[in-house]
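Here is the structure we will look at.
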Amino acid sequence: MRFSRTKAALVAALPAAVFLATPSAADAAGPAFPAHYAAPYLQVTDADAGQMAADMNATGTKFFTLAFLTPQSGCTPVWEANGTGVGSFNSQISALQAAGGNVIPSFGGAAGGELAQTCTNTSSLTAAYANVVNTYGTTRLDFDIEGGVLDDTTSNQRRNSALAALQQQNPAVQVDYTLAVDPTGLPSKELDLLRDAKSKGVKVSVVNLMVMDFYDGQPVLTDALAAARASASQLASLYGISTSAAYAMMGLTPIAGRNDDGAQFSQSDAQQLESFAASNGVAELSFWELQDYDRATGYAYSRIFNAITGGTTPPPATGGTITGYGGKCVDVAGASTANGTTVDLYTCNGTAAQQWTSVSGTFRALGKCLDVAAAGTANGTKVQLYDCNGTGAQQWSRSGSQLINPASGKCLDATGPSSADGTPLQIWTCTGAANQSWTVH
């Protein structure tokens, strides 16, 4: 996964002599990971380590993947975006563990290389990995192997030998591999890496698929689901297990929002991916990345993906109707989830396009919010479906039977007035008329 240019600039500004924080061995390992969990990536620095606590307080997310440990030289890893060594962020991690959470330190990434490339003695490499486990009180390590690192067969074999030795020393250690994937499944080099790990006796707990940056012009969600299905078959074949067991060792990691190829992975897409993961028993949901992508949404992606932890269901899966003029239901036209879809009146039919959940002052259907187009305030401004973004254009308050958008001071209104199927909704000066009267069920 990618490395923030902003954070790269911050690291470049650090003194040449990198400060290595003094590690202190944890008294005991932090809480174990459940069978199914969300663990979003945080490109961790001193400035944003507090995002773990902020996200946990906002969404209940308690597990985080910390990126990235890369080689400074020899067998000494540093946190890539911070330039500091193992032992950094101990206070934040300990607080998270005390609250029932834990972290997955991730080695490698798209830019900085992986420790097995510079630490050429297998025993020393094993010790370096063990130091991370002991210092942070976690028994789970992630290895994001891509680009030129994937082509380095010697270091890949060395890493797998070191990890096998680590698991012999400490059988509690769980190893995850984060790998690129195509809609047709894992490419040959990624499969070769897993085959070598298997041959050396590494017990891989999760194969985390980077379902992002497909560069094929197709919707990210479509490619992600195809990649997951194809990879499940590959993992079942590689490990001699059932397809359901293959899903149980799978992780799925999209980018929260805009991909490098310009494709968008929306909050609605996240809802659908979480539903797919939950129904198929996928072990892990993650995304790139907490500080630079999800924070601005109010941690929306964390909230959606955390539904898989403990097997809970996202709130939009339940809801009720909103009825109005002529007894018709507030309806998402064509049951479309595209941003800008008209919200209209339609004969009540019990479909998901007419199920609305009230969440923090918003009304949500199909994973998106009831929205005043372009945050308009003029009479006649269209009401539509749009990605939830926390703005005033998506806030609604009840006053008697009226639904008022406080940002505009206008009421939800059936145009015309008409009760015909397909009548679009708008905002209009509140008049108390029947076409502005709504019942939320």
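The values are calculated or read from the model by the stated rules, or taken from the named source; none is laboratory data. Computed from a predicted model, the values in this text were never measured in an experiment. With ideal geometry, Cβ positions are generated from the backbone for all residues, glycine too; neighbour counts draw on all protein chains shown.
Odds and ends about this structure:
- Options Ser91, Ser106, Ser124: the member that is more than 21 Å from Leu209 (Cα to Cα), touching a residue at least 12 places away in the same chain (Cβ under 8 Å) and in the same structural domain as Leu179 (by TED's automatic domain parsing): Ser124
- The number of residues in the stretch 348-406 being assigned to a loop (DSSP other than H, G, I, E, B), β-branched (Val, Ile, Thr) and under 23 Å from the mean Cα position of the chain (by Cα) comes to 1.
- Residue list for the stretch 142-192, filter: in a helix (DSSP H, G or I) and either among the charged types (D, E, K, R) or touching a Gly at 6+ places or on another chain (Cβ under 7 Å) (or both): Val149, Asp151, Arg158, Arg159, Ala164, Lys189, Glu190, Asp192
- Residue that is under 17 Å from Phe64 (Cβ atoms) and modelled with pLDDT of 95 or more, where the choices are Ser231, Ser205, Ser188: Ser205
- Taking the stretch 407-423 as the range and being touching a Leu at 6+ places or on another chain (Cβ under 9 Å), of a type in the set (D, E, K, R) and in a strand (DSSP E or B) as the test, only Asp413 passes.
- Criterion (assigned to a helix (DSSP H, G or I) and free of Cβ contacts under 8 Å to residues at least 24 places away in the same chain) met by exactly one of Ala228, Ala245: Ala245
- For the stretch 21-59, residues that are modelled with pLDDT of 95 or more and part of a loop (DSSP other than H, G, I, E, B) total 9.
- Selected residue (only one of Gln43, Gln72 is of a type outside the set (Gly, Ala, Ser) and either surrounded by fewer than 21 Cβ atoms within 10 Å (Cβ to Cβ) or free of Cβ contacts under 8 Å to residues at least 60 places away in the same chain (or both)): Gln72
- Considering the stretch 151-190, the residues that are hydroxyl-bearing (Ser, Thr, Tyr) and within 29 Å of the chain's Cα centre (by Cα) include one that is farthest from Thr120 (Cα to Cα), namely Thr184.
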